[in-house]
Amino acid sequence: MSKLGFIGLGIMGVPMAGHLIAAGHEVFLNTLNQVPRSLVDAGGKACPSAAAVAKAADIIFIMVPDTPQVEEVLFGDDGVAEALSDGKTVVDMSSISPLATKEFATKINELGCEYIDAPVSGGEVGAKAASLTIMCGGSEKAFKRVKPLFELMGKNITLVGGNGDGQTCKVANQIIVALTIEAVGEALLFASKAGADPAKVREALMGGFASSKILELHGDRMVKRNFDPGFRIELHQKDLNLALSNAREMGLSLPNTATAQELFNACTAHGGKAWDHSAMVKALELMADHEVA
């Protein structure tokens, strides 16, 4: 049994922390609001601050929305850095800036501790099913130490490279996901407008080269008009902002990523920042004056 910390108990963090508790580990918990009763009843220990978590735990997991929140958890008042001691490991599973990640890692390393950036893909469904894809950046030594814990939360776990490389991989993932949602949306909209049954078109495409998880899951959402969030548009916007801002710094053009971001922006303008990211299709439907369903 290990002494673990988990900071950030939102839609993803609650089931992820729950898997660690269920495996018999002693898990110290902190979040912006109140620690969920379900985790405490399962054996988790609520702590008053991030520093209290870091003092009690040997490996500290963080799962918060964006770069500023990670920085606050790490280096703010009563933050993780205040209570770290030699040999501890900090694991940030949030999706944040690769460049900021490298800076955070350097500061944590200077305190005698390891740092792993380990963003995930799979959304709420993957978090609950412990089937997340986990993309890691850090030392081989730190990765080997934490991998058995990652295996309680995910299936496809890869050490991509050094600190920041996990976040870079996640940004690449989000580019592919956004562009594939857009492609599925266009295809089903085209089929529906032409008079075909989009549900049947999706079913047929699932047996061919166009098959994908996004066609399977989000294509179904588009047909059934189920846009309750598994992964909110506002969070995908954040990830594409990272892609586009880092691309500018590298002198790189990502034209289709920019288009996908504009479609998300259109959804947000129509009150959809909390819709599931599959609702990008609604922006296409507005331009076509036609719904997929």
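The values are calculated or read from the model by the stated rules, or taken from the named source; none is laboratory data. No experiment lies behind these values; they were computed from the predicted model shown. As a convention, Cβ positions derive from the backbone with ideal geometry for all residues, glycine included, and neighbour counts pool all protein chains shown. The protein model used for the area step is the full one, side chains on, heavy atoms only, and it has no ligands, DNA or RNA in it. Shrake-Rupley method; radii C 1.70, N 1.55, O 1.52, S 1.80 Å.
The single condition among (1) surrounded by 20 or more Cβ atoms within 10 Å (Cβ to Cβ); (2) farther than 30 Å from residue 23 by Cα that residue 159 does not satisfy is (2). Does region 98-113 contain at least one residue that is open to solvent by less than 40 Å² (accessible area, probe 1.4 Å) and part of a strand (DSSP E or B)? Scanning region 98-113, I find no residue that is open to solvent by less than 40 Å² (accessible area, probe 1.4 Å) and part of a strand (DSSP E or B), so the answer is no. Consider only pairs whose beta carbons are under 7 Å apart and that are at least six residues apart or on different chains; among these, list those whose first residue lies in region 132-160 and is of a type in the set (Ser, Thr, Tyr) and whose second residue is open to solvent by less than 20 Å² (accessible area, probe 1.4 Å). Every condition considered, the pairs that remain are 133/120; 133/154; 158/135; 158/136. Of all residues in region 263-280, those that are farther than 11 Å from residue 178 by Cα and either in contact (Cβ under 8 Å) with a residue 60 or more places away in the chain or surrounded by fewer than 19 Cβ atoms within 10 Å (Cβ to Cβ) (or both) total 8.
Scanning region 218-243 for residues that are under 18 Å from the mean Cα position of the chain (by Cα), surrounded by fewer than 16 Cβ atoms within 10 Å (Cβ to Cβ) and not charged (D, E, K, R) yields a total of 1. Within region 73-90, work out how many residues are out of contact with any Gly (no Cβ under 7 Å at 6 or more places or on another chain) and not in a loop (DSSP other than H, G, I, E, B). Of the residues in region 73-90, 8 are out of contact with any Gly (no Cβ under 7 Å at 6 or more places or on another chain) and not in a loop (DSSP other than H, G, I, E, B).
Just one of the listed residues (23, 46, 42) is more than 25 Å from residue 107 (Cβ to Cβ) and loosely packed, with under 15 Cβ neighbours inside 10 Å, and it is 42. The residue of region 170-201 that is farthest from the chain's Cα centre (by Cα), among those that are surrounded by 22 or more Cβ atoms within 10 Å (Cβ to Cβ) and either farther than 13 Å from residue 240 by Cβ or not polar (S, T, N, Q) (or both), is 188.
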